[in-house]
Amino acid sequence: MRVVALLTVRNEERFLPRCLEHLYSQGIETCLIDNGSYDKTLEIARTFLNKGVFKIEHLPYPGYFELSTIISNEEKLAKEIDTDWFIHHDADEIRQAPKPYRTLIEGIEDADRQGYNAINFDEFVFMPTSDDESFEGKNYVEEMHYYYFYEPDKLYRLNAWKNLNIPINLTNAGGHRVAFEGQRIFPVSFILRHYVVLSRTHALQKYLGRVHSMKETIERGWHRVSSSFTSEHLNFPSRERLKLVSADNSWDKSEPWLYQEFKGNRPFLTNQITACEKPNQEENSKQELLKETSCPPMPIIVSVGNSGATLLRLMLDAHPELSILAETHFMLSVLQLKSEGDVLRHELYNLVVNSPSWGGFHLSKEDFYNKLGAINPFNLSDGLRCFYKIYVQQFKKPRYGDKTPQYLTQMSSIQAALPEAHFIHIIRDGRDVALSKRGLGVEPGNDIEAQASNWVWQIREARQQAQFCPHYLEIHYEDLITDTKSVLMKICQFIDLLYSENLLTQFLPDRTRINNWQREMSISDRAKFEAIAGSMLHELGYKI
């Protein structure tokens, strides 16, 4: 009998050698599908060719984790590969047959002989039991001893099926349960040992840096916890709450866990779903957000703090036709307003004029109030535009923009209110960001791991938000410094603005502000930062 594991991987060098060795020892062949890995995953996979791995496929990475594409690709492969059985498998899993079978293939052969065509796996989740415990670089299968039985639903991991040459469906259940006509499930579940993370650092790297498909999150309900994960949510369970693995291969299924508690038990937190579920904003597609507006593109500069947003704002503000406001901040509060008509008009007015930033705009409250009163019928979008128009009139410029770095995680909400918004996300090497914040007394302080976590989380949030924003541009601070004119010309084209040499006349870039981490960051701090943020640094093209 031939059994094939369909194994889709991306940057799984931690788990892949042990996973492939185990499958080979169990008599299982592997079709490995690489989803754009840039670590040693492919190098490892090639060493197993003709030692279990019979095929290596390549699935392009779209810039975010898109489970439906991964699963539909496996459904396609299940139609093409000539085999008797399939297993939908992940790299961080070790699968076993129950007693009395010695190997997976032996157990599957017996299930097949008895006329069954599907096998469920009981999932036992292993993980560290404290922030200080780490199994990085160790034989985690031998050394991780504490687990919980994870069963949010019955037959939750129906992952093995007989090839009946009929259509199967993995997508509806997100890969957890295969569905097909005439299903006969083997009455004894097999065993799935799931090694989700090996250390606190690994958990932060895995869940903070993974950009998820927000379409899947909203339409299918997938990734809701993972896509809103922050370092504050990480909470490993204590040993007292877990089961101790036994030497006789028996498993305790009492008190099943219903959720992955270490990631937090909480509602969906990411801001983008709030924007997409606002009244009159039921359409989530980019096409809907491109509804007609007579307003020219409005640049909004966003960033992680200390990433060069101020420099970029000063350069763009020097354009004879554009004025960029600095640090408005009130936008987030304004977007929470739910009233209509005159009530909304007064609420917006009060929020804006009472905001801490109002004094820096040098505007007349009376003029603002009167011009808001002239908008009929009144709506939030035109009320916001009214404020920006009044501001730029004092400089006799026709176009306006905003520079508030904190809007990074609220772009979809702003986009829903102002379809003309064009977001310019300026990104700086996170190691230099961490150095620049030292001693400033700003969040998240001087702790290098907290700095790394915060940097990764904010960029992940921005990239998830950007999936709802039809106009989103990433530029690197380092490029702005070393190739200033080209970057500014690119931005002008992005916001439909004729380039002006004025952008270069007043604020010369300082080349001493890039790559400081190579000279000033200790080896220890660099290692700590890159352990958490290395994947994101690589994704952004930074040297590691």
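Where a number appears in this text, it was derived from the coordinates with a stated rule and is not lab data. All of these numbers come straight from a predicted model, not from anything done at the bench. Methodologically, a virtual Cβ is constructed for each residue, glycine included, from the backbone with ideal geometry; neighbour enumeration extends over all protein chains shown.
Quick look at the values:
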{"quantity": "The range 168-220: chymotrypsin sites (Phe, Trp or Tyr not before Pro) in DSSP coil with no more than 16 other Cβ atoms inside 10 Å", "calculated": "F180"}
{"quantity": "Listed residue (S68, P377, S213) projecting farthest to the positive dipole end of the chain, Cβ model", "calculated": "P377"}
{"quantity": "Long-range amide H partners of W257 with built H, under 5 Å", "calculated": "F149, Y150, E151"}
{"quantity": "Counting all C-alpha pairs of the chain, share separated by more than 29 Å (%)", "calculated": "60"}
{"quantity": "Radius ratio Rg over Rh of the range 333-473, counting only Cα atoms, Kirkwood formula for Rh", "calculated": "1.03"}
{"quantity": "Cβ-derived FRET efficiency at R0 25 Å, E57 paired with T103, nearest 0.05", "calculated": "0.45"}
{"quantity": "Nearest-20 debye value, the chain charge dipole, Cβ charges on Lys, Arg, Asp, Glu", "calculated": "560"}
{"quantity": "Theoretical gain in end-to-end length, D342 to D479 [0.36 nm per residue, Cα-Cα removed]", "calculated": "44.7 nm"}
{"quantity": "Cα-based convex hull, the range 97-199, per residue volume (Å³, whole number)", "calculated": "132"}
{"quantity": "In the range 102-150, the trypsin sites (Lys or Arg not before Pro) that fall in loop regions by DSSP, at most 15 other Cβ within 10 Å", "calculated": "R102, K138"}
{"quantity": "Sparsely packed trypsin sites (Lys or Arg not before Pro) within the range 382-489, loop by DSSP, other Cβ within 10 Å at most 10", "calculated": "K396"}
{"quantity": "Taking the C-alpha atoms of the range 275-539, convex hull volume expressed per residue in Å³", "calculated": "137"}
{"quantity": "Diffusion coefficient, µm² s⁻¹, Stokes-Einstein with Kirkwood Rh over alpha-carbon pairs of the range 414-537 at 37 °C and 0.692 mPa s", "calculated": "201"}
{"quantity": "Label point 7 Å beyond Cα of E80 along Cβ direction - residues of the range 1-38 with amide nitrogen under 17 Å", "calculated": "4-9, 30-36"}
{"quantity": "Per-selection Rg to Rh, the range 455-496 - Cα, Kirkwood hydrodynamic radius", "calculated": "1.04"}
